[in-house]
Amino acid sequence: MTPINQLRQTLIFLLAFFIIGAAASSADEASIKSFLQDHCFNCHGTQKQKADRRVDELSFDLTNDDTLGQWQDILDQLNLGDMPPASEPRPNQDRLKKLIAELTKKIESAQAANQNRNTETVLRRLNRREYLNSIRDLFGFDMTMFDPTIGFPDDATHDGLDNQGETLVTSSYLLESYLDAAEKIVEKAIAFGPEPPSRLIKMRPPFDRTTNAHSGWVTQERRRTGEFQSIFQGTKERFGYRPLDDIAAGVDHDGFYKVRVKACGLHRQHNYPQHLIGTDQQEPIRLALVSGSQQFGTLHLRQSIEKTLAVMDLPDNTPAWQETTIWLDKGFQPRLTYQNGPYFFKALPSQLHKKFPKQFPIKLVFSNWWEVCQNIKTPQIRVHNVEIEGPFFAQWPPQSHQSIFGNASFDPAKTEKYIEDFATRAFRRPATPAELESLWSLLQLRLSEGDTPLDALKAGLTSVLCSPGFLYLEDATKKGSNQLDDHAIASRLSYFLWSTMPDEQLLQLAKQKKLSNPDVIKQQTLRMLKDDRANSFAGDFAERWLTLYKLGEMPPDNRDFQHYYVGELESAMRTETRLFTQHLLDENLDISNFLDSDFTFVNRPLVHHYKYDLAEFENQLVRQNQSAISTDISGLDSKKHRPTSSANSFVKLSTNTPKRGGLLGQASVLTVTANGIDTSPVIRGIWVLDNILGTSTPPPPEGIEPLEPDTRGAVSIREQLKKHRQVSSCNECHQKIDPLGFALEEFDATGGQRTHYATRSRKLKIDTSGKLPDGHSFQNIAELKSILLSRKQQFAKCLTEKMLSYALGRPLNVRDRPNVDKIVASLKANPGMRDLVLQVVQSEIFRKP
């Protein structure tokens, strides 16, 4: 056969193959369209477009990402069985399976073609949390009271995540704020001169004799000088603090300080009505040390920037010395507070007068606060002495200074070397010649303008902290490749797991170009997860995924939910969810525990809140003894600072009820999905769709009035929503939303269990039953969780997408779907939380920009 004839036959074969392939593709498309016409056009066609979705005009051009995404959504709905809905005629199962196979094949082919298409890279800056952590690790600062980002604009979010490049814009105001912050940081870091001497300050009551407290009873109570000073009310009350006037301006130096307090609790157990006092008579009275500084306002009031430095369990009646070691920044002092004390104390005497008129005559209430304070026998703290000794240092010069100069004194001849070493650490990669030239030029300019060598160096260090190399996570790629280079992988890994810069081991591996190897990434991930810094992953990721960062934005009503404040429940709720997530990660437990579990982590206030067996909690606490999980609710970094109160002891405890297991029974989730006063099945239902099932809900159609609760209680929320669903445009979404929310209605606005709605006119029994669009019915939250467990793969996909987006710092798109599906498939055999993290960091997409 001649070469020409051979070429001719090849062309004919290829043309025939193309024609046959095109004909097959056309037949597949006709089959798909026929199915949609029979089962979908009625609700998503010419006449109706439920949920703003129309499929009769949908093309098969899968090179378009929007079109591909719509077909992927259709395939997902068919696989889940959500469409066609149970109310519509069911399709022939063989025909349905054939359609799913055809559609899957077309989407997989389109995705394979997409792998070679370039993806637009968005440069991502550090968010506020990452910035502060990076400053901490770059200089070795204790960040308990140091926050150079005060005044920074809030970081914008995308789907609750605050580390997405497209939303982390940089304004001129933010650039100015970075400059101001950098100057403060550099000044704080450098400490020439001898180590400041330690001194002992002894204080006697009254401790706040000159503070300008606008409260008659506080002023009158100070008349008892030299013996003790009392604290009658809780920390969150207006005058719930006792500042120390002897150090009103704060301590003179940053450092560790020993604080000794001689104090006791009185009247922990009392005969007054419990609802008037609100304290837990079984737990010890707790004295807390809370930071305060005159630069943030009046010391006897709550301040915008304050940290709980230590918490002490006090003995009853007999004063005893308590001692702790805390960190204080220059200008700060430890204020005394009654952490678990009564609230609304100022209104308390008038209420007691009604109950006990002989003991509390009316004249004492309004005309003589001093006599009230003398005679009242509510729970209180008596403080007899306070001593503060310090500062003490782990090393001198401090680590921040040595991070720049090492152990040697400042040598002006080495200024350029100081800058180069510092820039390389700050940029998390070797500084480029162009970057160094720019910094050295700045040094020469400042010297030529008369700056001292040290001032010129400070200007250079400030410039480094304002450079893109520090403020942004660079997606640098290998030459001639679409793969991240090793330093970029090191940063991506550390900011994913630690929310801070890479450590020396990661940077050395990057220098050796070993981090491109998935096996090395796995080894490093396992190492990093054992580090204390990995606690930020469990806390930060869970807080963003579950929207717990909103906890406290709409605080519960303090009249109906007093226990929320007395028991510091907001902090306890956050801690429960963080410890729960951390435990799944540490033990590599099945991610289905998020949906339902037989354990959780609680402290004493949560035991009361959940009505768990207190004796079982106490026994478990005793059994764990030193191994009990003690958590620092103030977020302190050093273990030396941890509070000593048993109030912070969390133990793993059996839930003993199918209603409480998993996230949907945790008070953090149930509180953040309420409005502080009441609950809404709509809000909670949308939360479950978004964060558990990964199904977004469109906004309400234009012209539809929002649902207003009937505060008279004449109509239940279920009846109101039933009427709301009669609007066809509302029913499409509310048939998915409402049943999920109904199941959670047996929990009130702080996650406490209830059986009736408490209304002004009458009590309405709560109905927690529901029916999902796929036909599954349930009677309560326990049965709903069983249904959710049957859809574990859908939850796995939701969690994987959230985690991947958090790891990459960008929203996922339809081209990322093959990576998601691959990870989700792997979870069938290895469903552990740590397995998921390892799959994310070893995925191909993790190593791409």
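Of note:
- In this structure, residue 275 does not satisfy being out of contact with any Cys (no Cβ under 8 Å at 6 or more places or on another chain) and closer than 30 Å to residue 148 by Cβ.
- Some residue of segment 125-132 being part of a loop (DSSP other than H, G, I, E, B), under 18 Å from residue 422 (Cβ atoms) and more than 15 Å from the chain's Cα centre (by Cα): yes
- Residues that are β-branched (Val, Ile, Thr) and open to solvent by less than 10 Å² (accessible area, probe 1.4 Å) do occur in segment 281-294, at least one of them.
- Residue in segment 182-190 that is closer than 28 Å to residue 493 by Cα, open to solvent by 10 Å² or more (accessible area, probe 1.4 Å) and not in a helix (DSSP H, G or I) present: no
- Helices (runs of 4 or more DSSP H) fully within segment 369-439 that include at least 1 residues being within 36 Å of the chain's Cα centre (by Cα), surrounded by 15 or more Cβ atoms within 10 Å (Cβ to Cβ) and hydroxyl-bearing (Ser, Thr, Tyr): 399-405, 415-427.
- Every residue from segment 745-787 that is among the acidic types (Asp, Glu) and under 16 Å from residue 682 (Cβ atoms): 745, 767
- Sole exception among (1) open to solvent by less than 30 Å² (accessible area, probe 1.4 Å); (2) more than 25 Å from the chain's Cα centre (by Cα); (3) at pLDDT below 95; (4) not charged (D, E, K, R) for residue 787, by number: (3)
- Residue within segment 647-662 that is on the phi > 0 side of the Ramachandran plot, in contact with a helix residue (DSSP H, G or I) (Cβ under 8 Å, 6 or more places away or on another chain) and modelled with pLDDT of 90 or more present: yes
- Flag for residue 600 being among the hydroxyl-bearing types (Ser, Thr, Tyr), in contact (Cβ under 8 Å) with a residue 12 or more places away in the chain and farther than 26 Å from residue 826 by Cβ: yes
Residue-wise test of (1) within 27 Å of the chain's Cα centre (by Cα); (2) aromatic (Phe, Trp, Tyr).
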residue	(1), (2)
263	no, no
272	no, yes
282	no, no
285	no, no
289	yes, no
297	no, no
311	yes, no
321	no, yes
327	yes, yes
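- Looking only at residues in segment 801-819 that are assigned to a helix (DSSP H, G or I) and hydrophobic (A, V, I, L, M, F, W, C), the one that is farthest from the chain's Cα centre (by Cα) is 814.
- Scanning segment 487-505 for residues that are crowded, with 21+ Cβ neighbours inside 10 Å and in a helix (DSSP H, G or I) yields 487, 488, 489, 490, 491, 492, 493, 494, 495, 496, 497.
- Here segment 537-559 is the region considered, the condition is being in contact (Cβ under 8 Å) with a residue 60 or more places away in the chain and not in a helix (DSSP H, G or I), and the residue that is most open to solvent (accessible area, probe 1.4 Å) is 554.
- Within segment 663-676, the residues that satisfy the criterion of being at pLDDT 95 or above, aliphatic (A, V, I, L, M) and open to solvent by less than 10 Å² (accessible area, probe 1.4 Å) are 663, 664, 667, 669, 670.
- Hits in segment 677-734 - residues which are touching a His at 6+ places or on another chain (Cβ under 8 Å) and at pLDDT 80 or above: 682, 734
- Single residue of 268, 302 found to be open to solvent by 40 Å² or more (accessible area, probe 1.4 Å) and farther than 22 Å from residue 376 by Cα: 302
- Residue count for segment 598-609, restricted to those that are buried (at least 22 other Cβ atoms within 10 Å of the Cβ) and closer than 23 Å to residue 783 by Cβ: 1
- Contact map, segment 448-475: first residue closer than 14 Å to residue 178 by Cα, second residue of a type in the set (A, V, I, L, M) and open to solvent by 40 Å² or more (accessible area, probe 1.4 Å), Cβ cut-off under 7 Å, separation 6 or more or different chains; pairs are 459/442; 463/442; 466/179; 472/123.
- When residue 825 is tested against (1) part of a helix (DSSP H, G or I); (2) touching a helix residue (DSSP H, G or I) at 6+ places or on another chain (Cβ under 6 Å), exactly one condition is not met: (2).
The values are calculated or read from the model by the stated rules, or taken from the named source; none is laboratory data. Bear in mind the structure is a predicted one, so any value in this text is a computation, not a measurement. Neighbour counts run over all protein chains shown; Cβ positions are idealised from the backbone, glycine included. For the accessible areas, the whole protein counts, side chains as well, though only heavy atoms, and no ligand, DNA or RNA atoms are used. Shrake-Rupley method; radii C 1.70, N 1.55, O 1.52, S 1.80 Å.
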